[in-house]
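The values are calculated or read from the model by the stated rules, or taken from the named source; none is laboratory data. Since the model is a prediction, treat every value here as computed from it, not as a measurement. When we count neighbours, we look across all protein chains shown, and the Cβ atoms used for this are built from the backbone with ideal geometry, even at glycine. Please note that ligands, DNA and RNA were not included when accessible areas were found on the heavy atoms of the full protein model with its side chains. Shrake-Rupley method; radii C 1.70, N 1.55, O 1.52, S 1.80 Å.
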Amino acid sequence: MTTNSLLRLFFFVSCFLFAFTSMAQETSTCNTPGGCDTLAIERKVSPWRVGGFIGPAVAFCGSWEGTFNSNKYRDKSLFNGIGFNAALNADYFFRSKTKPSRVQFGLGAVAGLQNFFFRKDINDFTDRIVAEAGVSDAVIRKGSSEDHYLAVGPVLNFNFTKKPRSPFLEASVRGGLFRSTPAAIFIYDRNTGNNIYSVTASDKRYHAGLLATLGFFVPSKNGLWAWGVEAIGFRTKMDYIFPGATIYPYQRKHGGFSAGLAMRRSFAWDAAVKKDPTPPLLCLSPDLEWKMGSESIKGHIFSTSKDTTAAGPILLTWTSRITPDTAKTETFTARIHQLNGAEDKVIASVVCQEGNQLAFPAAYLDKNGRPVTGQYYATVTSQLASDCASCTSEASSTGFSVVKPDTLIIKEPGCFKQCNLEIYAYKLVKTKRVVYGKSNTSCEGCICPVDTVPNTVSKYYLLGKIQVENCDPATLNINDEIAKANIKIPSWAKTVYSSVQTVVAGNCDLPQGVNKVNYKATVKKGQVGTFVPVVEKKKK
């Protein structure tokens, strides 16, 4: 196993041991929901709704002209001016058993009070009556007209949108009982007590009538209150008498309009309802990727002596392995650790976040953007939370290392001596030699093979190689070394040769360097004689 393989194995074992140790010591800082049982709280909305109205009112005196045109004759009791109308209502809306609808139908009741004040021209009327009677001291008594009513009938509600706080229109037509009191006028002479003019209510004050409403409402923030404007119209009858020389009853149509501010109040409460048991949560470890620029560095070992170029940004990313669900929230806790001997230090982290990346801290990068020397590993866990439960996955872990290579110092030996021997011989071998010459048959002046003649040459045969450690050339015995190496001498060999290469280095008493000397020995009757140096002939 190589040195790099041992470093890589040690690095991975260290990373996983520290990852599991840190996971055992960590405590989750994420929000942990309380447990849920089989009961749930559900918002219940009551079908009942109450309301109120207040606003100015105008009386309708039998006809449009009789009400608003004072130049024409009108009933002398109809000096009704602007008044007010105040009402309270309660409605019950029927609910659909299928899908909720924007249109709601209900049944409700309304009770109210109207009062119409006298118009200013009644003073001119009474003054004229007193003047025509020629009375100097007349007493004038007046009482304004008023109505009390109670009506019941259908109500229609229309929501503009399907939202719970949608603005809506409300319309109703109700029928019921009206108690109407006409305006009363009583003029008499103070001195004599004689009646000059009077108009008063008869005994018949209760009549059936109709009342219609139309309103626009906007709900408040809590959805229970709604404020808006409303218009009301009613129609009934009114009876009164004219006492005098002749007492006779009189009946007329009576009605009016009003418009003003209105409110509606709905009701809701929280009720416990049964629910299915909460399904368990299953957290899965995320998939990790650690890149330097565009290249993955998971499990890499970098060397400060080799990896010196500028590096791209270092980014740890992770990918969830669960199916997305809007009812659940998945967060991640990621930490980058640096190992310095026995110290495990967290140098970057995100806790319970919904992101999916963590950048390597700049404080641990050198000038080239590469991590400083050390071992680095990252752990990422997934946390999943619903309304009733939570879980935390096992940690996914990966890492890399930046090492500074150790300098290997080789101690020079005191003396290194080595002899390399080659044992060889030459054998006469018969061959044929090609003779070249000019040919008259091929081309003029060409040199071609014209004949072959017998020839005898010496052929080199390597018989063996020997390496002798701690060798002293002065005491080297070639014959003994051949015997030790069990090198066989062929029968055809007449002379055996040996080249001896001597390598000397270190603190030796011999000349330093490489030296080579050739030796030969004569073979007689299969026995190799003593090797002697070969003396090369000097060239003339």
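Given (1) under 21 Å from the mean Cα position of the chain (by Cα); (2) loosely packed, with under 15 Cβ neighbours inside 10 Å; (3) at positive phi, identify the lone condition not met by Gly341.
Unmet for Gly341, out of (1) under 21 Å from the mean Cα position of the chain (by Cα); (2) loosely packed, with under 15 Cβ neighbours inside 10 Å; (3) at positive phi: (1).
What's the total number of residues in segment 69-89 that are modelled with pLDDT of 80 or more and among the aromatic types (Phe, Trp, Tyr)?
The qualifying residues number 1.
Give all pairs with beta carbons closer than 9 Å in which a residue from segment 452-468 that is farther than 19 Å from Pro490 by Cα meets a residue that is hydroxyl-bearing (Ser, Thr, Tyr) and surrounded by fewer than 11 Cβ atoms within 10 Å (Cβ to Cβ); count only pairs at least 6 apart in sequence or on separate chains.
Listed pairs, sorted by first residue: Pro454/Thr431; Asn455/Thr431; Thr456/Thr431.
Return a yes/no flag: does segment 176-191 have any residue that is of a type in the set (Ser, Thr, Tyr), within 17 Å of Asn85 (Cα to Cα) and open to solvent by less than 70 Å² (accessible area, probe 1.4 Å).
Scanning segment 176-191 turns up at least one residue that is of a type in the set (Ser, Thr, Tyr), within 17 Å of Asn85 (Cα to Cα) and open to solvent by less than 70 Å² (accessible area, probe 1.4 Å).
Out of (1) open to solvent by 60 Å² or more (accessible area, probe 1.4 Å); (2) touching a strand residue (DSSP E or B) at 6+ places or on another chain (Cβ under 9 Å), what's the single condition that is false for Lys525?
(2)
If I ask for residues that are free of Cβ contacts under 8 Å to residues at least 60 places away in the same chain, open to solvent by less than 20 Å² (accessible area, probe 1.4 Å) and within 29 Å of Ala59 (Cβ to Cβ), which ones from segment 140-171 would you list?
Result: Gly153, single match.
Mind checking which residues of segment 286-321 are loosely packed, with under 12 Cβ neighbours inside 10 Å, at pLDDT below 90 and among the charged types (D, E, K, R)?
Within segment 286-321, just Lys306 meets the criteria.
Exactly one of these conditions fails for Cys283: (1) open to solvent by 50 Å² or more (accessible area, probe 1.4 Å); (2) part of a loop (DSSP other than H, G, I, E, B); (3) not polar (S, T, N, Q). Give me its number.
(1)
Checking the conditions here, which among Ser266, Ser320 is among the polar types (S, T, N, Q) and over 30 Å from Glu42 (Cβ atoms)?
Criteria check complete, one pass: Ser320.
To keep it simple, each residue is scored yes or no on (1) farther than 23 Å from Gln114 by Cα; (2) small (Gly, Ala, Ser); (3) in contact with a helix residue (DSSP H, G or I) (Cβ under 9 Å, 6 or more places away or on another chain).
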{"position": "Gly209", "(1), (2), (3)": "no, yes, no"}
{"position": "Val218", "(1), (2), (3)": "yes, no, no"}
{"position": "Phe242", "(1), (2), (3)": "yes, no, no"}
{"position": "Pro286", "(1), (2), (3)": "yes, no, no"}
{"position": "Ala311", "(1), (2), (3)": "yes, yes, no"}
{"position": "Leu316", "(1), (2), (3)": "yes, no, no"}
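If you go through segment 418-434, how many residues are of a type in the set (Asp, Glu) and at pLDDT below 85?
Matching residues across segment 418-434 total 0.
For Thr502, indicate whether it is open to solvent by less than 100 Å² (accessible area, probe 1.4 Å), within 21 Å of Tyr460 (Cβ to Cβ) and either within 60 Å of the chain's Cα centre (by Cα) or of a type in the set (S, T, N, Q) (or both).
The answer is no for Thr502.
Kindly indicate whether Arg264 is modelled with pLDDT of 90 or more, open to solvent by 60 Å² or more (accessible area, probe 1.4 Å), charged (D, E, K, R) and at negative phi.
no
Looking at segment 242-255, can you tell me whether even one residue there is open to solvent by less than 70 Å² (accessible area, probe 1.4 Å) and closer than 30 Å to Arg49 by Cβ?
yes
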